[in-house]
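Worksheet for the structure shown next.
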Amino acid sequence: MTTQNVTEWRGQELLDNDGEKVGTIEEIYLDTDTDRPEWALVKTGLFGGKGTFVPLAQANPSGDGVQVPFEKDHVKDAPSIDPDGQLSRSEERTLYEHYGLGYGDGQSGSGRSDDGVAGNGDEPVGRDTSGPTTDEAMTRSEEELSVGTAQRETGRARLRKYVVTEEVQKTVPVQREEVRVEREPITEGNVDQALDGPEISEEEHEVVLHEERPVVEKDVVAKERVRLTAEERTDEETVSEDLRKERIETDGDAQA
C-alpha cells in the first residue's frame, strides 16, 4: 500500500471478512514516524456519529470497497475514541488490543492524513495551526444539522377470532287441541243416526288431541369480513441539537 493509494480510499465502503458492508471510510490516519497508512476512521451509523477506528495493516481493496479481516460486530464494538485528528500511543494500544494485534513500546502515534501529510503524535498539527504544513489562510468551519428519518417497529396488531355463546329468546305461536263437549237435540235430520243401535247400551268414543311444539334449527350464516390495514399518518416532531461553530479572532496589533 502506498500513502497516495490509501488516501484515495476516502468515501469507499469498508467490508468485513465476509464481504458485508461495515460503513464508509471517512478519513485515513498515518503513522507519525513513517507516514504509512495505519488506521481508517469509519462511519457506521445512519447519521454517522464519531466513527470507529479500523487497522489497515491487512486491508485489501476489492471491487466493492476495502475489505478487512474482522467481523462487522467486532468492528462496531471497538473502543469509542474521539477523532480529533490524532491518536495517542495509549489510544492506539487500546485499539490494537481490541483487534488482537501486537503493539510495541517503540511504536509512535498516528495522525489524520491531510492529502498525504501526517499529524504529530504528541501535539495536533493541522491545516489551521502555524507550522510548516500550513499556508497563510485559516479555514473556519461549523457544524450543520442534517435530519432524516429511520423506520422502526413500534408494535404489532393481529386479528383473533374466538367463539362466545349468547342466549337468544324468540316467541313463536303454537296451536293445541282441547276437548269440548257439544250437545245437540234429536231432530228429523239426525234421528236415524240417533236410533241406529241398541236402545240401551254402554259405549266409548276416543278423540286424538294434537298440539304444536317449537322446533329449533341452527344455521351458520356469514355476516361480515374483517381485515387489518396499516394507515400512514404524518406528524411533526421537533429535533434539537447543539452545533459547534468556529470563531476567528486576532491577537496583537493585527486588524480584522
Look at the range 171-192 and say how many of its residues are in contact (Cβ under 8 Å) with a residue 40 or more places away in the chain and open to solvent by 100 Å² or more (accessible area, probe 1.4 Å).
-> 0
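Condition check ((1) under 30 Å from Q151 (Cα atoms); (2) within 46 Å of the chain's Cα centre (by Cα); (3) at pLDDT below 85; (4) of a type in the set (V, I, T)) across all residues:
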site	(1), (2), (3), (4)
E178	no, no, no, no
I186	no, no, no, yes
N190	no, no, yes, no
A194	no, no, yes, no
V208	no, no, no, yes
V215	no, no, no, yes
A230	yes, yes, no, no
T250	no, no, yes, yes
A254	no, no, yes, no
Kindly list, by first and then second residue, each pair from a residue in the range 148-170 that is farther than 30 Å from V220 by Cα and open to solvent by less than 100 Å² (accessible area, probe 1.4 Å) to a residue that is modelled with pLDDT under 90 and assigned to a loop (DSSP other than H, G, I, E, B), limited to pairs with Cβ atoms under 8 Å and residues at least 6 apart or on different chains.
-> G148/L46; G148/F47; A150/L46
Selection within the range 62-72 - over 9 Å from D16 (Cα atoms) and open to solvent by 90 Å² or more (accessible area, probe 1.4 Å) = D64
Find the residue count for the range 193-242, including only residues that are open to solvent by 100 Å² or more (accessible area, probe 1.4 Å) and among the β-branched types (V, I, T).
-> 8
Scan the range 78-102 residue by residue and report those that are open to solvent by 40 Å² or more (accessible area, probe 1.4 Å) and hydrophobic (A, V, I, L, M, F, W, C).
-> L101
Test L41 against the stated conditions and say whether it is modelled with pLDDT under 85 and under 23 Å from E143 (Cβ atoms).
-> no
Restricted to the range 18-35 and to residues being of a type in the set (D, E, K, R) and under 37 Å from the mean Cα position of the chain (by Cα), the residue surrounded by the most Cβ atoms within 10 Å (Cβ to Cβ) is E27
Starting from the range 76-95, take each residue that is on the phi > 0 side of the Ramachandran plot and list its partners that are polar (S, T, N, Q) and open to solvent by 40 Å² or more (accessible area, probe 1.4 Å), counting only C-beta distances under 6 angstrom and pairs at least six apart or across chains.
-> none
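The values are calculated or read from the model by the stated rules, or taken from the named source; none is laboratory data. This one's a predicted model, so the numbers in the text were calculated from it and none came from an experiment. Don't worry about glycine lacking a Cβ; one is built from the backbone with ideal geometry, like all the others, and counts go over all protein chains shown. These accessible areas exclude ligands, DNA and RNA; they are computed on the full protein's heavy atoms, side chains included. Shrake-Rupley method; radii C 1.70, N 1.55, O 1.52, S 1.80 Å.
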